[in-house]
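One structure is given here, and the rest of the page talks about it.
The values are calculated or read from the model by the stated rules, or taken from the named source; none is laboratory data. In this text, all values refer to a predicted model and were calculated from it rather than measured experimentally. With ideal geometry, Cβ positions are generated from the backbone for all residues, glycine too; neighbour counts draw on all protein chains shown. Surface accessibility is based on the protein's heavy atoms, side chains included, excluding ligands, DNA and RNA. Shrake-Rupley method; radii C 1.70, N 1.55, O 1.52, S 1.80 Å.
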Amino acid sequence: MPPILYSYRRCPYAMRARMALKYSGIEVEHREIEFRNKPPSMLLVSPKGTVPVLCVDDLVLDQSLDIMHWALEQSDPDGWMGFEEEASRVWIEKNDGPFKVLLDQYKYPNRFPDLLQEDVLNSAIDLMLKPMESKLQSSNYLLANKISLADVALFPFIRQFAAVDPQKFEGLPFDSLKKWLNQHLESELFNSVMEKHPTWIDTAEKTGR
């Protein structure tokens with residue numbers, strides 16, 4: 001029986017997990033959820049109710065980075081993990097922590113009426129976009145001239161940020177960052193994990209799997 005992956009197509013956490021699983025050649029049973037009607041089988045194994053969730057026999061992984069690391073431990077043909085671990089960790093922690101906060105503030109301004117959109121954008125530029133641009137001016141990817149775990153872990157969030165206001169993002173003076181983003185957007189790997197799946201509905205038989 002293949003591993004079961006509970007996912008949501010547009011969730012950046014689920015995106016990076018799917019990319020790592022696909023890259024590692026791991027076949028999964030994909031269960032696309034609907035947030036307003038989460039399947040009981042998912043909540044049974046991961047009560048926190050967020051995606052992605054990977055079930056491998058008795059092992060349950062419900063953090064996207066744990067899923068990525070598990071997948072790469074099974075197979076890492078192009079050496080995504082073959083770079084300085086500390087540098088990778090710093091990029092990912094900055095992305096998953098303060099940048100994710102700014103991303104939510106930028107994407108959902110109605111939830112943060114006291115914040116000025118321009119201030120949020122400028123904070124995101126200083127925190128993440130400018131440092132990424134600087135790094136990508138000297139190498140094709142964040143840690144070297146080849147793709148690594150850090151690139152894939154950050155890409156879905158930069159994609160989401162750029163999509164909030166594509167015209168404004170396009171006007172920013174970050175040509176290297178835009179090139180990096182477009183490489184991912186146009187990649188076979190990314191497009192292969194963005195196929196649409198029907199919403200998973202539990203049956204009495206499969207709820208107990």
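Can you tell me which residues in segment 126-141 are more than 15 Å from L181 (Cα to Cα) and either of a type in the set (A, V, I, L, M) or assigned to a helix (DSSP H, G or I) (or both)? Spell out how you get there, then give the answer.
Filtering segment 126-141 for residues more than 15 Å from L181 (Cα to Cα) gives 126-127, 138.
Residues satisfying the conditions are D126, L127.
Scan (1) at pLDDT 95 or above; (2) open to solvent by 80 Å² or more (accessible area, probe 1.4 Å); (3) farther than 25 Å from R10 by Cβ; (4) more than 19 Å from the chain's Cα centre (by Cα) for the single condition E73 breaks and write down its number.
(4)
Got a number for residues in segment 166-179 being closer than 22 Å to W80 by Cβ and either free of Cβ contacts under 8 Å to residues at least 40 places away in the same chain or crowded, with 18+ Cβ neighbours inside 10 Å (or both)?
Adding up the residues that qualify gives 1.
Among the numbered conditions (1) open to solvent by 60 Å² or more (accessible area, probe 1.4 Å); (2) of a type outside the set (D, E); (3) modelled with pLDDT under 95, tell me where A163 comes up short.
A163 satisfies all of (1) open to solvent by 60 Å² or more (accessible area, probe 1.4 Å); (2) of a type outside the set (D, E); (3) modelled with pLDDT under 95 except (3).
Somewhere in segment 111-121, is a residue farther than 30 Å from V28 by Cα, modelled with pLDDT of 95 or more and in contact with a Lys or Arg (Cβ under 8 Å, 6 or more places away or on another chain)?
Yes, some residue in segment 111-121 is farther than 30 Å from V28 by Cα, modelled with pLDDT of 95 or more and in contact with a Lys or Arg (Cβ under 8 Å, 6 or more places away or on another chain).
Being in contact (Cβ under 8 Å) with a residue 40 or more places away in the chain and more than 30 Å from K179 (Cβ to Cβ), is that true of even one residue in segment 66-83?
Checked against the condition, which is being in contact (Cβ under 8 Å) with a residue 40 or more places away in the chain and more than 30 Å from K179 (Cβ to Cβ), segment 66-83 yields at least one hit.
Take L61 and tell me if it is touching a Leu at 6+ places or on another chain (Cβ under 6 Å) and crowded, with 16+ Cβ neighbours inside 10 Å.
yes
When the residues of segment 79-104 are narrowed to those that are at pLDDT 95 or above and acidic (D, E), which ends up surrounded by the most Cβ atoms within 10 Å (Cβ to Cβ)?
Once the filter is applied, the top-ranked residue is D96.
Here are L65, L59: which of them is over 19 Å from the mean Cα position of the chain (by Cα), modelled with pLDDT of 95 or more and under 23 Å from S46 (Cβ atoms)?
Answer to the selection: L59.
Answer with yes or no whether S123 is among the polar types (S, T, N, Q), without any contact (Cβ under 8 Å) to a residue 24 or more places away in the chain and in contact with a helix residue (DSSP H, G or I) (Cβ under 8 Å, 6 or more places away or on another chain).
yes
Which ranges mark the helices (runs of 4 or more DSSP H) fully within segment 153-208 that have 2 or more residues being among the polar types (S, T, N, Q)?
Filter on segment 153-208 gives 175-185, 188-192.
Considering L154, L136, L129, which residue is surrounded by 18 or more Cβ atoms within 10 Å (Cβ to Cβ), over 15 Å from F99 (Cα atoms) and out of contact with any strand residue (DSSP E or B) (no Cβ under 6 Å at 6 or more places or on another chain)?
Exactly one of L154, L136, L129 is surrounded by 18 or more Cβ atoms within 10 Å (Cβ to Cβ), over 15 Å from F99 (Cα atoms) and out of contact with any strand residue (DSSP E or B) (no Cβ under 6 Å at 6 or more places or on another chain), namely L136.
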